[in-house]
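S.K.: Just dropping this structure here.
What follows is calculated from the coordinates using simple rules that are stated; it is not laboratory data. Keep in mind the model is a prediction, meaning the values are calculated, not measured. So basically every Cβ, Gly included, is an ideal-geometry build from the backbone, and we count neighbours across all protein chains shown.
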Amino acid sequence: MILVCRVLLLFSFALFWGGLTFYTGFVVRISHDVLSDPMDGGLITQRVTVLLQDLGVVTVGFMGLNSWQVRQQASRFGNVLLIVTAILALSLLGLFLVHAQLDAVIDVANNDIIDPDQFDTGHRRYNQLTTVEWIASLVYLVVTVIAWRTVDRQPIPDQESPAG
């Protein structure tokens, strides 16, 4: 069961964090370079970020499960993983809220931003939360690898040889 959970975590984490990294690092810049109207790039970003946030929610679920499993054998690592999972979950919640605020000031039908100042403030906040999300994910990945190595070196209680 632990192996299945780890594989599911790795798969969802790869899709989420890999997608987030590739999208923010390359696709956003390229779309703004290629498309003549920045609004067009923004409308693409608007749709893709919803998918990334949904992947993030799924991944946070697997992260929580993994954190709990690790905590059973290595409480210090498990506690760190739970804290980082909470940070990521809160940043995702913030992203959902800010995304809704940004959507409210975009007039898709007329390809216009209704309140540019509110949009700029929200967009800055969105970028900050995405940075927190990315860093928390990186920390989670590193701690998880170390925790798995530690946990996997421990003998399984049922298979320990009797003393003496």
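S.K.: As a check on your grasp of the helix formula, calculate [θ] at 222 nm for the chain: sum -39500 (n - 2.57) over DSSP H runs of n ≥ 4, divide by the residue count, round to the nearest 500.
M.R.: -27000 deg cm²/dmol
S.K.: Answer with one residue from Val151, His99, Tyr126: the one whose Cα lies farthest towards the positive end of the charge dipole of the stretch 2-154, charges on Cβ with Lys, Arg +1 and Asp, Glu -1.
M.R.: After comparing all options, I get Val151.
S.K.: Is the stretch 34-164 rounded, prolate or oblate when judged by the Cα gyration tensor, a ≥ b ≥ c being the square roots of its eigenvalues, rounded requiring a/c under 1.5 and prolate requiring a/b larger than b/c?
M.R.: prolate
S.K.: Also: Please sort by residue number the chymotrypsin sites (Phe, Trp or Tyr not before Pro) in the stretch 1-96 whose DSSP state is loop and whose Cβ has at most 13 other Cβ atoms within 10 Å.
M.R.: The qualifying sites: there are none.
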